[in-house]
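Only one structure is covered here, and it is reproduced in the block below.
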Amino acid sequence: MSTLELKHICKIYPNNEKKGHHKHNNLKTTDEGVLAVDDFNLEIKDKEFIVLVGPSGCGKSTTLRMVAGLEEITKGELYIDNKLMNDIEPKDRDIAMVFQSYALYPHMTVRQNMEFPLKLRKMPKEEIKKKVDEAAEILGITEYLDRKPKALSGGQRQRVAIGRAIVREPKVLLMDEPLSNLDAKLRNQMRAEIIKLRSRIDTTFIYVTHDQTEAMTLGDRIVIMKDGVVQQIGTPQQVYDTPVNLFVAGFIGVPMMNFFDGELIKDGMKYYVELNGVKIELSPEKEAKMAAKGVEAQKVTIGVRPEHMELTQREGQMIQATVDVSEMMGSHINVHIRVQEKEGVMIVDTQGNSNRNFRMGETIQFTFEPAVIHVFDAEGKNLEVKKEL
Ligand SMILES: Nc1ncnc2c1ncn2[C@@H]1O[C@H](COP(=O)(O)OP(=O)(O)O)[C@@H](O)[C@H]1O
Ligand SMILES: [Mg+2]
């Protein structure tokens with residue numbers, strides 16, 4: 001068993017702005033200093049795979065390092081298996097960490113690197129050998145056990161670093177951007193390896209990345225952060241289907257969600273969005289949620305994912321757009337468009353459209369299913385969501 005609880009965790013760094021050490025562009029600053037992590041709350045279940053995701057500088061590593069004990073917790077409480085950890089030494093937390101830079105000992109062989117944490121623990125020799133052989137097997141590095149790290153590729157080195165972390169069967173495995181040093185192809189491959197690894201070891205994972213694809217594919221739940229503040233916590237499906245605000249909406253999903261300027265219109269119990277002169281009624285679910293909140297008519301941002309934009313000739317639903325450029329991707333075409341002054345992308349299936357030319361400047365008509373769009377107020381809040389967190 002290994003559950004974690006982060007309760008009102010804050011990290012305040014001294015404000016070194018004048019000395020020019022760090023740029024704290026959008027972080028809250030108080031008399032105490034800079035709020036790098038602001039009131040982080042999360043309960044992590046046994047064997048859950050949690051991903052912290054957000055742009056560089058949003059406080060992911062700081063949060064992870066506080067869990068590991070490498071960084072002091074300024075405020076709040078960290079519990080592992082219901083035991084308060086704030087003042088427990090890193091080595092006594094039963095946590096292992098994997099970093100972006102593999103941090104292997106260059107003068108040691110792979111086997112010696114992996115044995116190292118077990119030798120520190122004075123584990124009997126035969127047991128060490130057994131554990132290392134097992135971990136090497138899981139990670140597919142058995143044949144490299146006698147090599148030095150410099151004779152390995154980046155992906156192999158990262159496997160060794162993971163191997164060294166898992167040999168002692170930690171309660172919690174922390175990973176800070178472990179794939180960021182690898183090229184795109186290897187990153188995809190290692191992502192799949194981590195999914196396999198996860199199914200073979202009994203550990204709770206906290207994984208940090210700036211990459212939304214890694215977050216979506218690896219996480220049981222993902223925590224989206226911005227400027228030290230948690231924006232949303234949910235399963236990949238939840239954050240994709242119902243992003244709480246514009247930031248999450250834009251961060252999750254590739255290509256990025258399109259944002260258009262529109263109007264929310266209320267007529268009795270019915271809600272419509274008007275975009276470029278076309279009025280489309282929202283789905284009954286969205287209408288019910290907005291009615292329950294008492295949402296009023298207002299100027300809004302309408303969010304539509306590229307994969308949800310459809311070419312149409314249906315009377316009354318044709319929203320006009322101008323084609324910018326189109327990119328033939330094989331299975332589909334990315335058509336870049338302009339609606340009023342806003343730019344967007346729509347994904348058009350090649351099926352049935354392969355001979356279709358999308359000429360620059362051409363006018364096309366699109367629509368969308370009202371159930372899959374998102375409506376945001378002037379502050380960027382999703383109008384169908386009750387409240388943020
Ligand atoms: N030792 C430090 N002293 C002062 N500020 C720091 C220190 N370490 C990190 N920061 C600041 O805290 C913020 C969060 O950093 P970090 O947790 O490393 O972000 P991320 O891992 O999401 O890229 C950043 O603005 C960073 O500049
Ligand atoms: Mg970081």
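The values are calculated or read from the model by the stated rules, or taken from the named source; none is laboratory data. As the structure is a prediction and not an experimental result, all values here were calculated from the model. Cβ placement follows ideal geometry from the backbone for every residue including glycine, while neighbour counts extend to all protein chains displayed. We work out accessible area using only protein heavy atoms, side chains counted, and drop any ligands, DNA or RNA first. Shrake-Rupley method; radii C 1.70, N 1.55, O 1.52, S 1.80 Å.
Here are the numbers:
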| read-out | value |
| --- | --- |
| So Val335, is it open to solvent by less than 10 Å² (accessible area, probe 1.4 Å), in a strand (DSSP E or B) and touching a Phe, Trp or Tyr at 6+ places or on another chain (Cβ under 6 Å) | yes |
| Some residue of the stretch 59-73 being assigned by TED's automatic domain parsing to the domain that holds Val98, near ligand 2 (Cβ under 10 Å from one of its atoms) and not in a helix (DSSP H, G or I) | yes |
| Residue satisfying all of: in the stretch 62-108; modelled with pLDDT of 95 or more and polar (S, T, N, Q); farthest from Ala36 (Cα to Cα) among these | Asn82 |
| Sole exception among (1) surrounded by 15 or more Cβ atoms within 10 Å (Cβ to Cβ); (2) without any contact (Cβ under 8 Å) to a residue 60 or more places away in the chain for Thr367, by number | (2) |
| Only listed residue being surrounded by fewer than 19 Cβ atoms within 10 Å (Cβ to Cβ), within 11 Å of ligand 1 (Cβ to nearest atom) and in contact (Cβ under 8 Å) with a residue 60 or more places away in the chain, chosen from Asn16, Asn82, Asn41, Asn26 | Asn26 |
| Residues of the stretch 138-163 satisfying the condition of being crowded, with 21+ Cβ neighbours inside 10 Å and in a helix (DSSP H, G or I) | Leu139, Tyr144, Arg157, Gln158, Arg159, Val160, Ala161, Ile162, Gly163 |
| Matching residues in the stretch 109-128 - criterion: being loosely packed, with under 15 Cβ neighbours inside 10 Å and touching a residue at least 12 places away in the same chain (Cβ under 8 Å) | Arg121 |
| Options Leu174, Leu197, Leu179: the member that is within 16 Å of ligand 2 (Cβ to nearest atom) and more than 20 Å from Val67 (Cα to Cα) | Leu179 |
| Residues located in the stretch 204-243, provided they are over 22 Å from Met175 (Cα atoms), open to solvent by 10 Å² or more (accessible area, probe 1.4 Å) and not aromatic (Phe, Trp, Tyr) | Gln237, Gln238, Asp241, Thr242 |
| Among the residues listed as Glu43, Glu126, the single one being farther than 27 Å from Gly155 by Cα, away from ligand 2 (no atom under 16 Å from the Cβ) and assigned to a helix (DSSP H, G or I) | Glu126 |
| Filter result (surrounded by 14 or more Cβ atoms within 10 Å (Cβ to Cβ) and modelled with pLDDT of 95 or more) within the stretch 1-13 | Thr3, Leu4, Glu5, Leu6, Lys7, Ile9, Cys10, Lys11, Ile12, Tyr13 |
| Pair list, Cβ < 7 Å and 6+ apart or interchain, from the stretch 315-344 residues that are closer than 22 Å to Glu281 by Cα to residues that are in a strand (DSSP E or B) and of a type in the set (Gly, Ala, Ser) | Val339/Ala321 |
| Residue within the stretch 164-181 that is of a type in the set (Val, Ile, Thr), open to solvent by 10 Å² or more (accessible area, probe 1.4 Å), within 24 Å of His107 (Cβ to Cβ) and outside any strand (DSSP E or B) present | yes |
| Matching residues in the stretch 90-102 - criterion: being closer than 27 Å to Ser180 by Cα and either assigned to a helix (DSSP H, G or I) or open to solvent by 60 Å² or more (accessible area, probe 1.4 Å) (or both) | Pro90, Lys91, Phe99, Gln100, Ser101 |
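For every residue, the table says whether it meets (1) loosely packed, with under 15 Cβ neighbours inside 10 Å; (2) of a type in the set (A, V, I, L, M); (3) in the same structural domain as Thr242 (by TED's automatic domain parsing).
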residue: Gly277; (1), (2), (3): yes, no, no
residue: Ala291; (1), (2), (3): yes, yes, no
residue: Lys299; (1), (2), (3): yes, no, no
residue: Ser326; (1), (2), (3): no, no, no
residue: Val339; (1), (2), (3): no, yes, no
